[in-house]
Amino acid sequence: MTTLLILIVVVLLAVALWQLTKIFDLTQVGGNVNDTQVANDNDNKVNGYLMFGFLGFIYLTTIYCLLNYSHFPLMSDSASEHGPEVDRLMMISMVLIFFVQTVTQALLHYFAFKYRGKQGQKALYFADNNKLEFIWSIIPAIVLAGLILYGLYAWTNIMFVDEEDADDAIVIELYAQQFKWEARYAGADNVLGKANVRYIEGANNLGVDLSDPNAQDDFSSSELHIPKGTRVIFKMRSQDVLHSAYMPHFRAQMNCVPGMVTEFSFVPTLTTAEMRDKPAMIEKVSNINAIRAKKSEKLVAEGQSALDPYTFDYLLLCNKICGASHYNMQMKIVVDTPEEYKIWLKENSAKTIVQAVKTAAAEAKASDSPATTKDSTSSNSKDTTVVAQAEMK
Ligand SMILES: [Cu+2]
């Protein structure tokens, strides 16, 4: 393959050099220029028709691609309340671009043919034409203004949460770091405790301010569970570099910036189980599994173990090239029914971050001096010093 590519490059270079010498010959005034090198009417006609040929080539390619690759059933199967609005905006933009592209390509190639070089023909020159300029300025201006206004309207609709909606919403923090995500739930008070990268120490890997009353019931999870039909407000933080929280099925994306908290909120409308049951999703999964089965046969023949079958899961991905393992920075999202979510909360909310830090501190103390008995007050006091030291820095 490499040899072939090098060969192509060498041939193209040779052609370019050959053409350059021809141009150089033609520019020699008074020299004995070979007349066959100058394009005549027939050459121009051939080139004119070739332009048409190229137009046909683009159109046929477009039609072929539309017929074979334009089937995106999951493009319209968003799993959030605002999803259809994003999809509509996308569709309108694509249709407009497609229409303009089709018309301008036809005009471009037609005029190239119509005004091809002819013996004795002189180009008409005029400095400006106000009417023409007005037309080609005002039409794109109106269309673009319409698109931008519609986009702004959609953006405001999606990004600004009403106060009453915010009161009923669940608050979850998404913490980004090279190269993993962690979710922090606000607990029973639905208020996230303060956090700062300077507080990160030992078991407190999210830098939660352990002395903040709001932080006492906060707990973290490496799997994001959210209930269907309830607004979720995500507060994003980053520990190190720019990351971007991207949840494609919910049509949601927001940058995670070190040193500040960014926000995005949406209402999930389909549970993981419901999404798995969509005909388009069933088809997609079976296609993937057919490919995996084929690959497994090969692997087994080579004496390796077969691939596990794929099942669909929502994902939170990082959409900023943030380092070497960026491609693998993801977290599973599970959309539960409200009942399932309650059960999950019950199972997980007891493992608070404060508790984890206390346990870790107690364990460390026990291993330091096995003779002394450990009690909760001593580990408590240790926690406060951890925070106090962190605040001093
Ligand atoms: Cu990242």
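Every number in this text was worked out from the coordinates using simple rules, so none of it is lab data. These figures come from a predicted structure and were not determined experimentally. Cβ: placed from backbone, ideal geometry, glycine included. Neighbour counts: every protein chain shown.
Rounded to the nearest 10 degrees, the angle from helix 2-26 to the longest Cα principal axis of the chain is 40 degrees.
Would you please state the base-10 log of I(q)/I(0) at q = 0.17 1/Å for the range 36-159, with intensities from the Debye formula using one equal scatterer on every alpha carbon? Taken in order of the listed q values, log10 I(q)/I(0) reads -1.06.
Binning all Cα-Cα separations of the range 248-356 at 10 Å, short to long from zero, yields these whole-percent fractions: 11, 26, 35, 21, 7, 0.
If you wrap the tightest convex hull around every Cα atom of the chain and split its volume per residue, you get 300 Å³. Restricting attention to the range 41-192, lysine pairs at least eight places apart or on different chains and with alpha-carbon atoms under 25 angstrom apart total 6.
Sum -39500 (n - 2.57) across every DSSP H segment of at least 4 residues in the chain, then divide by the residue count to get the 222 nm mean residue ellipticity, nearest 500. Walk me through the numbers on the way to the answer.
Details: 10 runs with 194 residues, N = 393.
It comes out at -17000 deg cm²/dmol, rounded to the nearest 500.
Hey, how much of the P(r) for the range 291-334 falls beyond 17 Å, as a percent of Cα pairs? So the portion of pairs separated by more than 17 Å is 56 percent.
If a/c stays under 1.5 just call it rounded; otherwise compare a/b with b/c (prolate if a/b is bigger, oblate if not). Do that for the range 88-203, with a ≥ b ≥ c from the square roots of the Cα gyration tensor eigenvalues. Working shown, then result.
On the way: a/c = 4.23, a/b = 2.90, b/c = 1.46.
Verdict is prolate for the range 88-203.
Helix 353-368 sits at what angle to the longest principal axis of the chain, using alpha carbons and giving 0 to 90 degrees rounded to 10? The helix 353-368 is inclined about 60 degrees to the chain. The angle between the Cα long axis of helix 279-301 and the main principal axis of the chain comes to about 90°, on a 0 to 90 degree scale. Each residue of the range 87-94 was assigned a 3J(HN,Hα) from its phi angle through the Karplus curve 6.51 cos²θ - 1.76 cosθ + 1.60 (θ = phi - 60°); the sequence is 4, 5, 4, 4, 4, 4, 4, 5 Hz, with glycine and proline shown as x.
Hey, could you get me the Stokes-Einstein D for the range 172-288, Kirkwood radius over alpha-carbon pairs, 20 °C and 1.002 mPa s, rounded to whole µm² s⁻¹?
Numbers: Rh = 15.6 Å.
Value of D from the Cα-based Kirkwood radius: 138 µm²/s.
Have a look at 327, 314, 125 and tell me which one the Gaussian network model of the chain (Cα, springs below 10 Å) gives the largest fluctuation. Most flexible of the set in this elastic network: 125. Exposed loop sites here are GluC sites (Glu not before Pro) assigned a DSSP state other than H, G, I, E or B and surrounded by at most 16 other beta carbons within 10 Å; excluding them, the longest clear run of the chain is 82-222. Scaled to the globular estimate 2.2 N^0.38 Å, the Cα spread of the range 51-96, given as radius of gyration, is 1.58.
Label separation (residue 81 vs residue 137): 4.4 nm, computed from points 7 Å beyond Cα along the C-beta direction. Got a sec? Which residues in the range 89-128 would a label at residue 63 touch, if it sits 7 Å along Cα→Cβ and we count backbone N under 16 Å? Those under the cut-off are 102-103, 106.
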